[in-house]
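Here's the structure we're looking at; comments come further down.
Values in this text are rule-based calculations from the coordinates and carry no lab data. If you're wondering where the values come from, they're calculated on a predicted model, not measured in any experiment. In this analysis, Cβ positions are derived from the backbone assuming ideal geometry, glycine residues included, and neighbour counts consider all displayed protein chains.
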């Protein structure tokens with residue numbers, strides 16, 4: 001694959017700021033959703049990075065210096081608030097952390113759960129310390145993001161999937177109380193995140209259309225996503241919302257949450273999303289993490305980038321190039337380089353649609 005792309009003319013922060021304020025920029029911003037791949041590229045165990053603020057931040061900085069992508073971030077994901085409330089996590093050396101023991105696995109009694117101290121509970125202090133390191137080293141050149149779980153996914157991390165799915169039908173009042181607790185537990189912590197200047201990404205995979213129906217989404221997920229996003233928007237810019245899987249039947253609802261952008265799984269066709277909600281909200285996505293990034297070749301990465309640009313470059317509220325979900329840990333580095341270089345090669349501003357075909 002020839003490297004016939006134009007070198008960057010702006011820093012990531014300059015580029016994204018220009019993009020968001022309607023000013024000219026050199027190329028489309030690109031977010032590879034780095035996640036735990038940063039540990040691999042830094043020669044660290046994933047478990048190390050999740051239990052050391054220094055290593056967590058250093059891994060993301062190393063990945064950024066290696067690939068030159070536009071957004072640098074970290075965060076506890078969908079299990080972090082639940083951990084602060086009492087769920088216990090497992091930390092594989094070379095895999096994503098998982099819930100080993102659910103705080104509410106055998107009870108629906110919420111009386112023993114208090115709003116966690118944002119400066120003391122769980123690994124909250126570790127993530128804030130890591131965020132401080134990122135901001136100090138990269139804050140003047142790259143946008144810094146923070147990933148937190150949505151209400152339904154936090155509820156899952158407290159209760160467990162099977163129990164929560166039953167609760168939706170058999171104990172809906174409990175679910176509503178639980179979702180309210182999840183929102184109230186996240187907000188004080190996110191205020192600390194916002195003080196450090198980081199943008200916020202809400203990930204809510206348990207709200208996926210692969211798990212719950214549109215009716216259940218509107219009854220349970222939607223009201224509490226609106227509440228969470230409304231609270232965040234009072235002290236920070238409106239967060240980006242990511243829900244895994246096929247969300248075509250709830251795209252309008254996702255736009256109605258007040259999110260500043262919708263990060264779309266590759267199960268969603270970008271052209272259809274543009275037609276449904278492109279006039280209402282920024283669209284973000286959706287190169288295939290597994291089939292393209294992990295299993296594919298640099299040539300396939302280029303092809304997938306062109307496909308995304310072809311379908312969404314002219315979305316009325318804007319389009320950012322990103323993955324459909326988090327980058328697999330063992331993705332070949334050459335494919336990540338190919339992603340960023342494809343943004344340089346095909347995403348030059350002003351866009352030339354002939355390059356996308």
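Distances longer than 25 Å among the Cα atoms of segment 174-304: what percent of all pairs is that? Intermediate values should be presented prior to the final figure.
On the way: 2586 of 8515 pairs.
When all Cα pairs of segment 174-304 are counted, 30 percent exceed 25 Å.
At residue 290 and residue 18, where each label point lies 7 Å from the Cα along Cα→Cβ, what is the point-to-point distance in nanometres?
Between residue 290 and residue 18, the label points sit 3.8 nm apart.
Label residue 171 and residue 140 with points 7 Å out from Cα along Cα→Cβ: what is the distance between them in nm?
The answer from the label model is 5.4 nm.
Just from its helices, what would the mean residue ellipticity at 222 nm be for the chain, if runs of 4 or more DSSP H residues each count -39500 (n - 2.57) and the sum is divided by every residue, rounded to the nearest 500 deg cm²/dmol? Provide the component values of the computation, followed by the final result.
On the way: 14 runs with 151 residues, N = 357.
Rounded to the nearest 500, it is -12500 deg cm²/dmol.
Against the longest principal axis of the chain, how steep is helix 161-170, in degrees 0 to 90 to the nearest 10, with axes from Cα atoms?
Result, in degrees: 60.
Tell me, 217, 91, 319 in order of fewest to most beta-carbon neighbours within 10 Å?
Working: 217 23, 91 16, 319 27.
Listing 217, 91, 319 from fewest to most nearby Cβ atoms yields 91, 217, 319.
For a footprinting-style exposure proxy, rank 67, 224 by other Cβ within 10 Å, fewest first.
Values: 67 20, 224 24.
The order, fewest Cβ neighbours first, is 67, 224.
Which whole-angstrom value gives the distance between the alpha carbon centres of segment 160-201 and segment 216-288?
17 Å
Could you work out the relative contact order of segment 28-344? I mean the mean sequence separation of Cα pairs under 8 Å and 6+ apart, divided by the number of residues, in percent.
Details: 619 pairs, mean separation 60.0, N = 317.
Answer for segment 28-344 is 19 percent.
Between segment 11-36 and segment 38-66, what is the C-alpha centre distance in whole Å?
22 Å
Return the single residue from 152, 44, 20 with maximal mean-square fluctuation; model: Gaussian network over the chain, springs between Cα atoms under 10 Å.
Looking only at 152, 44, 20, the biggest GNM fluctuation is shown by 20.
Among 321, 170, 225, whose mean-square fluctuation peaks in a Gaussian network model of the chain (Cα, cutoff 10 Å)?
Taking springs between Cα atoms under 10 Å, the residue moving most is 170.
What is the angle, in °, between the Cα long axis of helix 172-195 and the longest principal axis of the Cα atoms in the chain? Nearest 10 is fine, range 0 to 90.
Around 50 degrees separate the two axes.
Between residue 356 and residue 132, how many nm apart are label points set 7 Å from Cα along the C-beta direction?
Label-label distance for residue 356 and residue 132, simple model: 4.4 nm.
Would you list 154, 108 from fewest to most Cβ contacts within 10 Å?
Working: 154 31, 108 14.
Fewest-to-most Cβ neighbours within 10 Å comes out as 108, 154.
Rounded to the nearest 10 degrees, what's the angle between the helix 124-138 long axis and the longest principal axis of the chain, both from Cα atoms, 0 to 90?
20 degrees
Once the principal axes of the Cα atoms of the chain are found, what is the range along each, listed largest first in whole angstroms?
60, 42, 37 Å, listed from the longest principal axis down.
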